[in-house]
Amino acid sequence: MRLEEYWGVGPKTRERLEAELGTERAVEAIESGEVRSLVSAGLSRGRATRILRRANGGEGMSVLATRDTRAVYKELLDVASDYAVTEDAADRIRGLTPLLDRDEAASRLESVVDAAESWAELDESTRETVLAAFAEDAENDRIGEDEAAVRTALALHEAGLSEGAFARIADIDREDLEFAAGALADLDGGDVARGVDEELDDLRDALDGAEALSADSLDAMEEIREETRAGAEFGEVVVDYVASETDAGFQRVRDATPEEAVDATDFFNVTLRELIADLREAVEERERSVARRLRGRIAESQDAIDAAKDAVSDLAFHLSLARFAADFDLSRPEFVEEGFAVRAARNVSLEAGGENVQPVNYAVGDHDVSGGDPSAPAGSSAHAGPSPPAGDRVSVLTGANSGGKTTLLETLCQVALLAQMGLPVPAERAQVSISEDIVFHRRHASFNAGVLESTLRSIVPPLTEGANTLMLVDEFEAITEPGSAADLLHGLVRLTVDRGALGVFVTHLADDLKPLPEKARKDGIFAEGLDEDLELEVDYQPRFETVGKSTPEFIVSRLLASSEDRAERAGFEILARAVGEEAVQRTLDDWSPEASADD
């Protein structure tokens, strides 16, 4: 296959890969997803990752139908890759793409869940041992990839890990690994290690001594002249001195002396130059001979080496994802035919930022995510909350400003992407159908025809050209006037239902919409008042088949309560009368410090 047939490989990239790796090796690196090899050839890590995503999961990349979907996808991979136990595992995580085949997603999910269960069974001390074993991979620049994998496998053998995700490592014969480790250590990065062959070590020592003597030739000549003043023959003094200083042997030094020389200094320098050349040739010849023998030993161990590399790489990848799943309390999703539902779902981005998150239940399409303890508090592992109605393919989500509607859309997008990448999801239960297109569109506050056109171009084609589309569209009215927005939104809802897609549309225009088609409903999120810090108190759990209100009286109440300027306060009082003075006053009475103290 020609390199330029791969996405992202143009003429310059092809030339660089061919120069550094050769065509065959470059193709192999791309096909096997080796980010490290492409980076070593001079590509940036980001570019290498993008090439490999397209080469190994190109069809799945089409699932990322909008810019906002791609942003959520990248953020998820960034968070997950932070849990990688090796750089190779981090590269593999960053190269993950959504899968279009349900069986492939289920197969990857099974491996990750198996690793998560294995990780959960380890105590803290054993986990540290495992992480230390994988730290060998960090030394690749020093010991080589093969040796790092073998040493990691041996360390895991030593830890006694043999069940679950560690079974593949345990199945590799330990004696074969030890033999391989010895052979690889002896041939350290292609060079014969010291201590392997005594003759080679002696030759290397002699060469080092001769080169050191050559670098210090002026002082050496002074000592030699001192001895010759006592009557000794100059040539013999040079041979004795060089032989004793380098341990190269008298005969080797004598053979290096010139038959003719301009003067004493020239005689000494020529002797050293010839000796160094002779020793260097002897070292290279002996090293070639020993290396051939060592490569034979490595060849005998190649099966164990290959098995260790594959098993260690896969284990590092799956354990990295297991650590991600453990830290975010992710669970196994269930794949269904036509539905999307979550129980006690949480937003990964908010949790990664250290924020407290209220779990929510939501669904469109056919599903069954009932269960849990209705008396359990929000955020607990047994939180149940209301069960979403089944059968409605589209929901129109309404409610309070800053009520978490956009965050809910993002959470649903996260669940959909993680499940379709074959990974656990941030929910107690989740049922997900495979989507060919995930259309997530955040609110973008630009009010012009160009933005409207570009938005429609990005969100409508997936509905009309594809199948199994998931629509997650936020505040469509932000990009056009309210009357037109209500008509367009109604059209999108109807198109989504007609095309058999699933969708959640956030809007403040629920009352302006025409009657929704069958299999569509309106849900609402409600603000409940102000807390003692004048922050809006919101129940982020949507109420199904209920239109939510934007509750501007809470916002005006907050402005009134925090205003100290008399003229400014008078202005807000006018607004209070406009939005409902009684409601504003009731909010202020509920918020007042005296009322809080009574509570």
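The values are calculated or read from the model by the stated rules, or taken from the named source; none is laboratory data. It should be emphasised that the depicted structure is a prediction, and the values quoted were computed from it without experimental measurement. Virtual Cβ from ideal backbone geometry, glycine too; neighbours counted across all protein chains shown.
Observations on the model:
- Scanning segment 192-223 for residues that are surrounded by fewer than 11 Cβ atoms within 10 Å (Cβ to Cβ) and closer than 25 Å to Glu147 by Cβ yields Gly195, Glu198.
- Residue count for segment 203-227, restricted to those that are small (Gly, Ala, Ser) and closer than 18 Å to Arg288 by Cβ: 1.
- Residue ID - modelled with the highest pLDDT, chosen from residues in segment 213-231 that are in a loop (DSSP other than H, G, I, E, B) and over 13 Å from Ala264 (Cβ atoms): Asp216
- Residues of segment 16-48 that turn out to be within 19 Å of Asp314 (Cα to Cα) and out of contact with any Asp or Glu (no Cβ under 9 Å at 6 or more places or on another chain), as a count: 4
- A search for C-beta distances below 9 Å between a residue of segment 323-336 that is among the basic types (Lys, Arg) and any residue that is in a loop (DSSP other than H, G, I, E, B), counting only pairs 6+ apart in sequence or on different chains, returns Arg323/Tyr83; Arg323/Ala84; Arg323/Val85; Arg332/Pro424.
- Residue that is in contact (Cβ under 8 Å) with a residue 60 or more places away in the chain and in contact with a strand residue (DSSP E or B) (Cβ under 6 Å, 6 or more places away or on another chain), where the choices are Arg168, Arg102: Arg102
- Qualifying residue in segment 56-70 (condition: at negative phi and without any contact (Cβ under 8 Å) to a residue 24 or more places away in the chain): yes
- Index of the failed condition, Gln541 passing every other in (1) at pLDDT 70 or above; (2) over 30 Å from Arg521 (Cβ atoms); (3) among the polar types (S, T, N, Q): (2)
- Residue count for segment 66-89, restricted to those that are under 20 Å from Gly8 (Cβ atoms) and part of a loop (DSSP other than H, G, I, E, B): 0.
- Tally, over segment 232-283, of residues that are outside any helix (DSSP H, G or I) and touching a residue at least 24 places away in the same chain (Cβ under 8 Å): 3
Yes/no matrix, rows are residues, columns are (1) assigned to a helix (DSSP H, G or I); (2) buried (at least 19 other Cβ atoms within 10 Å of the Cβ):
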| residue | (1), (2) |
| --- | --- |
| Leu100 | no, no |
| Asp103 | yes, no |
| Glu117 | yes, no |
| Leu161 | no, yes |
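- Test: Leu279 is of a type outside the set (S, T, N, Q), closer than 17 Å to Ile224 by Cα and surrounded by 18 or more Cβ atoms within 10 Å (Cβ to Cβ): no
- Candidate set from segment 24-73 (those that are buried (at least 18 other Cβ atoms within 10 Å of the Cβ) and of a type in the set (Asp, Glu)); member that is nearest to Leu417 (Cα to Cα): Asp68
- The test for being within 30 Å of Ala291 (Cα to Cα) and touching a strand residue (DSSP E or B) at 6+ places or on another chain (Cβ under 7 Å) holds for Leu200.
- Selection within segment 31-49 - part of a helix (DSSP H, G or I) and of a type in the set (S, T, N, Q): Ser37, Ser40, Thr49
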